[in-house]
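Below: the structure, in structure tokens.
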Amino acid sequence: MTGRVRLSRIVKVFGWTGLTSLGGGRSAYFYDAVVMRRPWLKSHEFIQDLTLSQLLPGPSFANLGVALGVRLAGWRGGAWGVLALIVPGALILLGLTVLYFHVGFAPNATSAMHGMGAAVVGLVFVTTARMIRASIRGGRALLVGAAIFVLVGPLHVNTGLAVLLMVPLSLWLHRPRSGS
Amino acid sequence: MILDLARLTWTFLWLSLICVGGGLGVIPELQRQVVDRFHWVTAREFLDGYTLSQLTPGPTMLVSIFVGYRAHGLLGALLATAAMFLPTAILTVVITRHWATLRDRPWALACERGLAPIGIGLMAAGVYTLARSGVHDWATGSLALLASVVLYGGWLPPFALVLAAGFVGWIAGL
């Protein structure tokens, strides 16, 4: 696989993305970094990697870093990308952990976290709306997307179970047809 | 000690393997294992560790550093974190590289078309879950709406907006 982007650029951008991805919905930061701000990926390519990262076992934000890195610069891109993504936050958390256990530092930032949490809702909402507009084509895709949303969101069905139910249905609905 | 280090590594390894569709789903099982079963951290410490991992950038599952450090110091933090991230990262490299070679075949294109709405549906469910915990009164609702407008307009990068909202939350005592 040929690399689309230099490794040093990947390390820089993934490192910055890892360092600035605060709150929940962290894949939205990646979308902003590699689709909106840089012409590295098309929206549908990002969604392919996002989906893969969600279906594979493991923390999905790290999986997404690996999948995007591999697409942009082969396995080295995946390896360096995920390291750049995780290590800055890991070092910060290690520092805070040491402070917590040895100095008695306690996280007491509830008000700030409430503000950040509300903004993250807005961030993830806008990103998801952009993805839907870019990639949901036709009634079948809309049906599958809406079904998985309702199952995992309002109905609180276990994510693994919902994926297990919906993936075969969606693959069957989107199967290659003669002449297409 | 070596036995407990092996147990710590194994626990985070199998937890990473049942972590599908984001880390949130695995948190209850993680808590059951590290608090109730092996007593590596107390319930209070786990809650504080989870809060710290939410406050710091990067994946929430970096809470493995907190638990591993409490259990066995730096070595525990390193092993728990490697167990949580390394095997599944290798699996992702192997599968994505292999998939890239198959991508142009009709059935692979059909797979990608079929899987994309699953990914987007999961992301939308994530918005729902985050909104249920993050929007609980008119002030947080307004902040979320304002954030959507600012991001849609592209007037601020996401992290600057989230930091600014954290500052507003702190000042306003949300």
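Other protein chain C-beta atoms within 10 Å of residue C-beta, averaged over A:30-40: 1. Of the DSSP H helices in chain B, those with a Cα length along their own long axis of 20 Å or more and a mean Kyte-Doolittle hydropathy reaching -1.0 comprise B:2-17, B:63-102, B:106-134, B:138-153, B:158-172.
Using just the helices of the protein assembly as shown, give the 222 nm mean residue ellipticity in deg cm²/dmol: DSSP H runs with n ≥ 4 each add -39,500 (n - 2.57), and the total is spread over all residues, rounded to 500. Mean residue ellipticity, 222 nm, calculated: -25500 deg cm²/dmol. Placing dummy labels 7 Å off each Cα toward the beta-carbon, the span from A:Arg6 to B:Ile2 is 4.7 nm. Ranked by the mean number of other Cβ atoms within 10 Å per residue, highest first, peptides A:46-56, A:70-80, A:133-143 order as A:46-56, A:70-80, A:133-143.
Oblate is the label for the range A:1-139, because a/c, from the alpha-carbon gyration tensor with a ≥ b ≥ c as root eigenvalues, is 1.5 or above and a/b does not exceed b/c. For peptide A:159-169, the mean count of partner chain Cβ atoms within 10 Å of a residue's Cβ comes to 4. For the range A:117-130, the Karplus equation 6.51 cos²θ - 1.76 cosθ + 1.60, evaluated at θ = phi - 60°, returns couplings of x, 5, 5, 5, 4, x, 4, 5, 4, 5, 5, 5, 4, 4 Hz by residue, with Gly and Pro reported as x. The order of the peptides B:136-145, B:43-52, A:82-91 by mean Cβ neighbours within 10 Å, most packed first, is A:82-91, B:43-52, B:136-145. Once both labels are positioned 7 Å from their Cα atoms along Cα-to-Cβ, the gap between B:Ile171 and B:Ile90 label points is 5.0 nm. Averaged over the residues of peptide B:35-46, the number of Cβ atoms from other protein chains lying within 10 Å of each residue's Cβ is 0. A simple rule links phi to the HN-Hα coupling: the Karplus curve 6.51 cos²θ - 1.76 cosθ + 1.60 with θ = phi - 60°, which for the range A:54-63 gives 7, 7, 7, x, x, x, 5, 5, 5, 4 Hz, with x for Gly and Pro. Ranked by the mean number of other Cβ atoms within 10 Å of their residues, highest first, the peptides B:85-97, B:150-162 come out as B:85-97, B:150-162.
Every number here is computed from the coordinates shown, using simple stated rules; none is lab data. Remember, it's a predicted structure, so these values are computed and weren't measured experimentally. Please note: Cβ atoms are built from the backbone with ideal geometry, for glycine as well, and neighbour counts cover all protein chains shown.
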